Amino acid sequence: MSDMGQPEPGTHTASEMMMVAAARALKDDDVCLVGIGAPSAACNLARLTHAPHLTLIYESGTIGSKPQVLPLSIGDPELCETALTTVSVPEMFAYWLQGGRITVGFLAAAQIDRFCNINTTVIGDYAAPKTRLPGGGGAPEIASCCQQVFVIVAHSPRAFVPTVDFVTSFGFGTGADHRRRLGLLTTGPSLVVTDLCLLRPHPHTKELQVTAMHPGVMREEITTRTGWPVQFAENLSQTPSPTDEELGVLRDLLRRSGLTRAGAP
Amino acid sequence: MPRILSLQDAIADSVHDGDTVAMEGFTHLIPFAAGHEVIRQRRRDLTLIRMTPDLIYDQLIGMGCARKLVFSWGGNPGVGSLHRLRDAVEHGWPQPLELIEHSHAGMAHAYAAGAAGLPLAILRGYAGTDLPRVNPQIRFIDDPFSGERLAAIPPLRPDVTIIHAQRADRTGNVLLEGIIGVQKEAVLAAKRAIVTVEEIADDLRRPSPNSVVLPAWTVHAIVAAPGGARPSYAHGYYRRDNAFYTQWDAISRERETFLTWMRDNVLRIPSSPPPRARG
């Protein structure tokens, strides 16, 4: 998750820019269901900077977790010990997720396509897979029941494919009003954060388009690392660079987390 | 009322070849010691149910105990793949593994339906995903009141559920606390339940009148297995051994290193918990 070595003072890595940009998307009054890995880092960065009242929920049942170190798993002790309350897993999925009480679901992806469908199940054919991935876990219903969904994924042609091999988490299907036709009343994916840019679904076609580029990134980099002819929004903006505070808090968080995981006190 | 048994006797008594077995514990309180005893007793053709297969099912699958897996997320949390699970699915080693794949929401609802004695679970789920295409147990029905289309799946009803908990009293009442996952539902859904515990005490020491307690008469066997959830953890007793979860990636990646580790750390060590990670 973190880059090897520290960048020069006053600079940042592409991965750090991705975490910071993702964190900025969360609001102080959001109730966020947090995926493990990069989403967890971004959500906790938000909580430790501009959104101190952000409610973080992990699918293991912890509500209002305030971890001082990033958890390795979705059910680390730190999440339960710092939570306001911990409910059972059936309660989490029935009352809290399905009940529509979560404003943002924050997911990662192995593959993502132009209509923001996500695959974390299998590369290749399901019955004879090239690579068997872990599977959906909570993501299929996080994608359908949260009011909106943010995705964080490093930008590569392996991840950004024209069509996913398996729809684990439904984004916009084949585009336009596909969600509505399935009876899904939630917004669905509204933001994809990568190490190069931000993408958002086009208001009508629902195809992902680049709406902001991170500092120093060229259009060509995004084009060559996207598996379909990606469109750029007309009012393309530039992501503000990470502030010293954002970078400091993120680096502290990753450093603390690394020490804890290695078994140090 | 449950009998208080040794781990060997509890597994020999309740887990049979061909059984449908659920070992639950959502990251926390994973019944590793019991799973290892199943491996030592060389059970075969099991249908294993578990939301998050974790290392314990990686070990059971790699040792050839399982014919089928009912699950919703099969990875090493925060680390990567379960290599033995992948080897079974991708290459059929040591034998092919049939997958019945769900989402967490589906599994959670299916356990709850099993505990409630209902013939099906209903949820707002799976819409638009490819899971119904590969799992014929996922169907859709129309709500007779609103007309909304909802997912319907069969309940989970294990022959035997095995969980690990903090404590039991001498009558066999069981206390769980912390991340309690789906264990209560998994026990109530099962024909038989084995509970391994950190300690059997005179007093259950319930922290609150609303504590999660399984009454003795819902449990078939109680086993004292201190450390029995390692390398996962037991809230109030010991921490998760994240270093071991990371080391498992290298241990399990190749068949030979996996088999050597299992021989040295499970097969040759009767009924003891797995060792802690070194370093």
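Looking at the stretch B:159-214 only, could you name the residues that are of a type in the set (D, E, K, R) and open to solvent by 40 Å² or more (accessible area, probe 1.4 Å)?
B:170, B:177, B:184, B:191, B:192, B:199, B:202, B:203, B:205, B:206
In this structure, is residue B:89 out of contact with any Phe, Trp or Tyr (no Cβ under 8 Å at 6 or more places or on another chain) and within 19 Å of residue A:134 (Cα to Cα)?
Values: out of contact with any Phe, Trp or Tyr (no Cβ under 8 Å at 6 or more places or on another chain): yes; within 19 Å of residue A:134 (Cα to Cα): yes.
Answer is yes for this residue.
If you check residue B:55 against the conditions, is it closer than 17 Å to residue B:258 by Cβ and modelled with pLDDT of 95 or more? Break it down into steps so the answer makes sense when it comes.
Numbers: closer than 17 Å to residue B:258 by Cβ: yes; modelled with pLDDT of 95 or more: yes.
Against the criterion (closer than 17 Å to residue B:258 by Cβ and modelled with pLDDT of 95 or more), residue B:55 qualifies.
Can you tell me which residues in the stretch A:147-202 are crowded, with 23+ Cβ neighbours inside 10 Å and small (Gly, Ala, Ser)?
Hits for the stretch A:147-202 are A:169, A:171, A:188.
Do we find that residue B:82 is more than 21 Å from residue A:94 (Cα to Cα), at the interface with chain A (Cβ under 8 Å from one of its Cβ atoms) and among the hydrophobic types (A, V, I, L, M, F, W, C) in this structure? Even if it seems obvious, please write down each step before you answer.
Working: more than 21 Å from residue A:94 (Cα to Cα): yes; at the interface with chain A (Cβ under 8 Å from one of its Cβ atoms): yes; among the hydrophobic types (A, V, I, L, M, F, W, C): yes.
Judged against the criteria, residue B:82 is a match.
Quick test for you: out of B:106, B:92, pick the one residue that is within 11 Å of chain A (Cβ to nearest Cβ) and either within 25 Å of residue B:220 (Cβ to Cβ) or without any contact (Cβ under 8 Å) to a residue 24 or more places away in the chain (or both).
Result: B:92 is the single residue among B:106, B:92 that is within 11 Å of chain A (Cβ to nearest Cβ) and either within 25 Å of residue B:220 (Cβ to Cβ) or without any contact (Cβ under 8 Å) to a residue 24 or more places away in the chain (or both).
If I ask for residues that are closer than 17 Å to residue A:93 by Cβ and open to solvent by less than 30 Å² (accessible area, probe 1.4 Å), which ones from the stretch A:21-55 would you list?
Scanning the stretch A:21-55 gives A:32, A:33, A:34, A:35.
For the stretch B:3-72, list the strands (runs of 3 or more DSSP E) that sit wholly inside it and hold at least 3 residues that are open to solvent by 10 Å² or more (accessible area, probe 1.4 Å) and of a type outside the set (Ser, Thr, Tyr); which are they?
Working: elements: B:20-23, B:46-49, B:66-71.
Filter on the stretch B:3-72 gives B:66-71.
I'd like to check which helices (runs of 4 or more DSSP H) are fully inside the stretch A:3-120 and have at least 1 residues that are away from chain B (no Cβ under 14 Å) and within 25 Å of residue B:54 (Cα to Cα).
Filter on the stretch A:3-120 gives A:38-48.
The values are calculated or read from the model by the stated rules, or taken from the named source; none is laboratory data. Since the model is a prediction, treat every value here as computed from it, not as a measurement. Heads up, the Cβs are rebuilt from the backbone with ideal geometry, glycines too, and the neighbour counts pull from every protein chain shown. The protein model used for the area step is the full one, side chains on, heavy atoms only, and it has no ligands, DNA or RNA in it. Shrake-Rupley method; radii C 1.70, N 1.55, O 1.52, S 1.80 Å.
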